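Comments concern the structure below.
No lab work stands behind these numbers, since they all come straight from the coordinates. Keep in mind it's a predicted model, so treat the numbers as computed, not measured. Positions of Cβ are backbone-derived with ideal geometry, glycine not excepted, and every protein chain shown enters the neighbour counts.
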């Protein structure tokens, strides 16, 4: 993984000192609330419902065991003993005291981490496929390009005060595991007819109040043109994006207003006009960065079959192997998920003790590295197949091995009304309601792959609009109700915005409503058909009819 050089260390250290002084002056009454707001947001600090919330950047989701141990220390000493992993592959702390935040940032800097640009109207943390570098279907590892973009974007003077926040995702596989089509810019590493690798560029995706799927504006961009083209996109947005209405300020609104073709023409014109001043591609620099992501020295091992690996082991291990591990591109290795979706915890939460233990396991079984995923889990990317059973045993003892990855209960969930000052309704209690109702693992396996995503407000931090089943909390005269959407997806060719099924349902009826929807799927699916495919074949009508049937007729 990338290691800081002297420039990186100096930049982050100076930023900590700056924010320490800014915080001191604010607490002394020398900075107004408005003046301090823009400063704290540039350092990842929000003011939430009960306390400040600090969002820490995890570039492209890659962590060392030492960094994970620092997360544990911060959770233990400055929070309430836990952290929360987000859909941006970052970690959030919900209970730090304002006056201690500079101390937290100093500790992060000591392990080459920071919270710069994790909030505010700037280029946020660059995300990537969590299987980057180990996926068998990968064209090229996207992480060097993520780091290349990150270094260009950090404190970029022209793009530090954009009309609105800006998110970039990069993927190197045909199967899009980075939700790139719902980002402001999605970059896909592709191979052209001549066999050259470059980027397909999508612009204008996003969630929130007006969810949209991104549009391809360049089918093939040579690698050496990447930063110049990104600058052209951002310059057009910075000049033309709306600043009069926060809800209409994202680039997706601009792309929709002028049309994808016109937007493409505007970018191409800006790109051509700025070639002389665009960032010059430095092959030595990208080679320097790429060197940090060279594959480790793997042992020469032979692949073993699932039957061999699970023979004589408990059935629960067989289930975990099937659902929570994935194929690795190197023989004899496998990817293992650390599931943060146990029914006993809010999705994405992990305690300080668990962070320490996971760091220890990473050192022992996964080359000292851990990755965070955009669906709020962690993974060990490089586990020897022969050691999977030992990994499972230790994860199970920590309640980090529920064999549910990809199932209904592997849900994305924002903190909701329990923490967020923007939320209209609870999310965490609804997650528990769903877990309590769907606690039969055989039933979950029979349902197969289903993406359930939930948000406590229209900002869509839980990605509800691109869930196969989406849940949105709304406020009705002080009561919590929930709007259900069906048919969304954030991945690859399947990417789509979900459709609202009908009127929202009350708090107590959410899980029962989901069950009625699933009953239709079970009754009407074809053999081997996923929920999303059944919905697309049948349309909304049969699901809506079942959801809104009068209670006295439900049994019929």
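Summary of values
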quantity: Where only C-alpha atoms are counted, convex hull volume of segment 6-110 per residue in Å³; calculated: 108 Å³
quantity: Antiparallel DSSP beta bridges within the chain, percent to nearest 5; calculated: 80 percent
quantity: Gyration tensor (alpha-carbon) shape descriptor, the chain, a/c threshold 1.5; calculated: rounded
quantity: Computed FRET value (nearest 0.05) for residue 441 with residue 25, which takes r as the C-beta separation and R₀ as 60 Å; calculated: 0.65
quantity: Computed over segment 293-381: relative contact order in percent, which uses C-alpha pairs under 8 Å that are six or more apart; calculated: 24 percent
quantity: Relative contact order (%) - segment 385-455, alpha-carbon pairs under 8 angstrom, separation at least six; calculated: 39 percent
quantity: Cα gyration tensor, segment 134-291 - rounded (a/c under 1.5), prolate or oblate; calculated: prolate
quantity: Potential extension, residue 399-residue 272 segment - 0.36 nm per residue separation minus Cα distance; calculated: 40.2 nm
quantity: Chain lengthening between residue 7 and residue 477 when straightened (0.36 nm per residue, less Cα-Cα); calculated: 163.9 nm
quantity: Separation in nanometres of the label points that stand 7 Å from Cα toward Cβ, at residue 73 and residue 307; calculated: 5.0 nm
quantity: Helix-only [θ]222 nm of the chain, DSSP H runs n ≥ 4, -39500 (n - 2.57) each, per residue, nearest 500; calculated: -11000 deg cm²/dmol
quantity: Simple label model, 7 Å out from Cα along Cβ direction - residue 331 to residue 300, nm; calculated: 1.0 nm
quantity: Fraction of beta bridges assigned by DSSP in segment 412-553 that are antiparallel (%, nearest 5); calculated: 70 percent
quantity: Where labels lie 7 Å past Cα in the beta-carbon direction, separation of residue 509 and residue 265 in nm; calculated: 5.0 nm
quantity: Extension gain from residue 50 to residue 100, taking 0.36 nm per residue of separation minus the Cα-Cα distance; calculated: 16.4 nm
quantity: Volume per residue of the C-alpha convex hull in segment 455-556, rounded to whole Å³; calculated: 102 Å³
quantity: Burial ordering of 68, 39, 189, 234, fewest other beta-carbon atoms within 10 Å first; calculated: 39, 189, 234, 68
quantity: Relative exposure of 34, 436, judged by other C-beta atoms within 10 Å (fewest first); calculated: 34, 436
quantity: Ranking of 411, 454, 53 by count of other Cβ atoms within 10 Å, fewest first; calculated: 53, 411, 454
quantity: R0 of 22 Å, Cβ-Cβ distance residue 191-residue 280: FRET efficiency to nearest 0.05; calculated: 0.35
quantity: C-alpha center-to-center spacing [segment 268-306, segment 21-43] in angstrom; calculated: 38 Å
quantity: Global form of segment 315-372, assessed from the alpha-carbon gyration tensor, a/c cut-off 1.5; calculated: oblate
quantity: FRET E, pair residue 316, residue 493, Förster distance 35 Å, beta-carbon r, rounded to 0.05; calculated: 0.55
quantity: Taking the chain and dividing mean pair separation by its residue count, relative contact order in percent (alpha carbons under 8 Å, at least six apart); calculated: 12 percent
